[in-house]
Every structure is written in structure tokens, then in C-alpha cells.
Amino acid sequence: MAKNASVFTRVDPVVKEQAENVLNQLGISMATAMEMYLRQIAMQRKIPFEIALSNDKPIAYGAITDGQFNSLMEQSFAEYKNGETISAEEVEREMNRKYGL
């Protein structure tokens, strides 16, 4: 089949560079990787990986009720009393690792 259709997209340059680094190590061009991705969508009739919201993302205060907030505070205090806490530095490292903050 002749390849004469084009797909153009704008992406974050950092993400593009990171992806290119991985693809170069695999010996695959960006064009080949994109074609593989589109073929998988066509074959599976879905996005070929899970897209879901993580349950462990930080919660915005305005997105929860007072009761939910109070429950979270009680749970946090109980964890503190039981020695189940980590340092602020560890929290910062984990936030950086998980969320790139």
C-alpha cells in the first residue's frame, strides 16, 4: 500500500526529545513508531494502552466536601500518631518522581 497520507501534530519539545532518545536506542524512527501506534489503534479498535486517572494524585481542597476533608485530616493524624509519616524532603522527592513537580 502506498504511503501518501500525512499526520502533523504539535508536541512538547522535551517529550519529543525524550521519545526520540528511546526510539533511537530501539533503532526505530519517529515515523515508524507513529505508524506502529496508528496500526495498533486500527487493529485493536482502541487506544493500545490504558488511559486512566490515578487514584494517588494530590487532591484539590476545593474538589472535596468538608466531611471528606475532615476524614482525610483524621486519617492523617492517626498515621502521624502511629509513626507512619515521612519527612518533607521525602515528600518532595516522591512528588518530583510521580508528578514531575
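The values are calculated or read from the model by the stated rules, or taken from the named source; none is laboratory data. Just so it is clear, the model here is predicted, and its values are computed rather than measured. So basically every Cβ, Gly included, is an ideal-geometry build from the backbone, and we count neighbours across all protein chains shown. With ligands, DNA and RNA removed, areas are computed over all heavy atoms of the protein, side chains included. Shrake-Rupley method; radii C 1.70, N 1.55, O 1.52, S 1.80 Å.
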Residues of type aspartates and glutamates that Lys98 reaches as a straight line, Cα spacing below 16 Å, ignoring anything fewer than 8 places off in the same chain: Asp56, Glu89, Glu90
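Any chance you could tell me what percent of the C-alpha pair distances in the chain go past 20 Å? Numbers along the way, then the final one.
Values: 3309 of 5050 pairs.
For the chain, the fraction of Cα-Cα distances above 20 Å is 66 percent.
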Modelled FRET efficiency - R0 35 Å, Leu101 with Ala5, Cβ distances, 0.05 increments: 0.35
Cross-link partners of Lys16 among aspartates and glutamates (Cα-Cα below 18 Å; sequence separation of 8 or more within a chain): Glu35
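Might you report the magnitude of the Cβ-based charge dipole of the chain about its Cα centre, with Lys and Arg at +1 and Asp and Glu at -1, to the nearest 20 debye?
Numbers: 11 positive and 14 negative charges, 162 e Å.
In total the dipole reaches around 780 debye.
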With all protein chains modelled, accessible area of Glu90 [1.4 Å, Å²]: 80 Å²
